[in-house]
Amino acid sequence: MLIKSLTVRNFRNIASADFIFDPKVNIFTGNNAQGKTNLCEAISVCFGKSFRNPRTKELLPFGDHDCETAVELCFTFDNMPDKENTITYTQKNSTFRLKFNGIEMKDAEKLYGALRYVIFIPEDLYIVKGDPSARRDYIDFVSNMINRVHISKLNEYNKALRQKNNILMNSREWDGAAAMMIDSWNDTIARTGVNVMCGRIRYFDMLSEAADKYYGMINSADEKLTMKYESTITDGAPFGVDDPMGLYEMYRAKLRETAEKELRMKYTVVGAHRDDISFCINNMPAKDFASQGQIRSIAVALKLAEAEMICGKSDDIPIIILDDVLSELDEYRRSFIINHIDKFQIFITSCNLSDTEKFGHGKIWDVKNGSFELKEA
Ligand code: ATP
Ligand code: MG
């Protein structure tokens, strides 16, 4: 898709702003707290959901809760470049309306599924350097983006896990009745756990191949990124989707093996909820050894890989929003992001004016106190 234009009225600190975008690169530069991320958020609400997950009222300008917020985004789909579509987001008090070509969308989430965009926010660095749960959430998000049943499979698994953990919490080691109930839950956990693991691994190789490709393009040195899905069921050994029965047997055996430990710990110590993803640069674990710039580069490579996966799944090329992506990156890496991601229309925010020095195309806006001034490229 291509975003042609945007108008924003009374959205957080942006009173009024109008944009006609470049089909490739759009940069918003300015000091901290001027409205750059607010603008990214204004785009995201038109896609059905703010990435900040705010309470709706928080989008209204401070101290002016009676005004109407209005954001209008015009775009074309890649397979119909001559037909302009419009999404309007309007909000009064806590009530908002989202319209697609004038027709009200009752289910905003549907729009979120249909209009694909990829966003990098600084919090995404936790995918690389944070707890395993951040990585599991990420891989579940990507798996669900490609296959919409993944989250329901995960919910089934988590429900069974909660039930079993409740029994573990309330049982003692010699409790025979509890042991029978636990065994029965283990069957459900192994069955649903296999679904979750297969759902994750089905697209994992594609994601990791694309991330490795982009990581190689971002860095100037000879650095290689490798990603690995590390399962507590297979002790880190690779597995595929072609033998779910074999994986189920392994799951059951692992649960039997750890039964004593989980009775002591009072929770299930192995399974899809304990799996992790490792990122290595030249075979060294990124979590322990990577520099800030390398961690950021991995996160960006992942986002570009995500976009590439969307391209493979639909006719439409997603747009990419990169909020505050350039800090901590050296000139080579910054220049790649600004000048060489030519497959996608990108929107970049940055605090640093020198980001624009080597910028030979696209459009740049100066952002000051919620106002946007277009500069010559
Ligand atoms: P940084 O470079 O630090 O990320 P930024 O330009 O991205 O800064 P934003 O997050 O867009 O900054 O926020 C800009 C300003 O908008 C902040 O000072 C914030 O307090 C303010 N702001 C947030 N919500 C509202 C609101 N509802 N009404 C008015 N101002 C708001
Ligand atoms: Mg910001």
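Arrange Asp66, Asp276 by Cβ neighbour counts within 10 Å, fewest through most, would you?
On the way: Asp66 7, Asp276 18.
Ascending Cβ contact count within 10 Å gives the list Asp66, Asp276.
Fewest-first ordering of Tyr138, Tyr332 by other beta carbons within 10 Å of each residue's beta carbon gives Tyr332, Tyr138. Classification of the chain by its C-alpha gyration tensor yields a prolate form. The axis ratio a/c (a ≥ b ≥ c) is 1.5 or more, and a/b outweighs b/c. Per-residue Karplus couplings for region 31-38, computed as 6.51 cos²θ - 1.76 cosθ + 1.60 with θ equal to phi - 60°, are listed in order as 5, 4, 6, 9, x, 5, 5, 4 Hz, Gly and Pro entered as x.
Mean residue ellipticity at 222 nm from the helices of the chain, using -39,500 (n - 2.57) per DSSP H segment of n ≥ 4 over the full residue count, to the nearest 500 deg cm²/dmol?
Working: 12 runs with 157 residues, N = 377.
Roughly -13000 deg cm²/dmol at 222 nm, from the helical runs in the chain.
Rounded to the nearest 10 degrees, the inclination of helix 132-146 to the longest alpha-carbon principal axis of the chain is 70 degrees. By the beta-carbon count within 10 Å of each Cβ, the least crowded to most crowded order of His65, His150, His273, fewest first, is His65, His273, His150. Once C-alpha pairs closer than 8 Å and six or more residues apart are averaged by separation and normalised to the residue number of region 259-352, the relative contact order reads 22 percent. Relative contact order for the chain: 25 percent, from Cα pairs under 8 Å spaced at least 6 residues apart, divided by residue count. Cross-link list Lys110/Lys287; Lys159/Lys254; Lys4/Lys106; Lys4/Lys49; Lys159/Lys287: which exceed 28 angstrom alpha carbon to alpha carbon? Lys110/Lys287; Lys159/Lys287, as the Cα separations exceed 28 Å there. Relative to the first principal axis of the alpha-carbon coordinates of the chain, what is the inclination of helix 204-218, with its axis defined by its Cα atoms, in degrees from 0 to 90 and to the nearest 10? So the inclination is approximately 40 degrees. Distance from the Cα centre of region 14-38 to that of region 175-244, in angstrom? Between the Cα centres of region 14-38 and region 175-244 lies a distance of 39 Å. In order along region 261-271, the Karplus-derived 3J(HN,Hα) couplings, from 6.51 cos²θ - 1.76 cosθ + 1.60 at θ = phi - 60°, round to 4, 5, 5, 6, 7, 6, 7, 7, 8, 10, x Hz, and Gly and Pro are given as x. Between 0 and 90 degrees, the angle of helix 244-257 with respect to the longest Cα principal axis of the chain falls at about 60 degrees. Bridging of Lys213 to lysines at a Cα separation below 16 Å is possible for Lys224, Lys228, Lys303, Lys343, once same-chain residues fewer than 8 apart are set aside.
Since every read-out is calculated from the coordinates, none of them should be taken as a lab result. No experiment lies behind these values; they were computed from the predicted model shown. Virtual Cβ from ideal backbone geometry, glycine too; neighbours counted across all protein chains shown.
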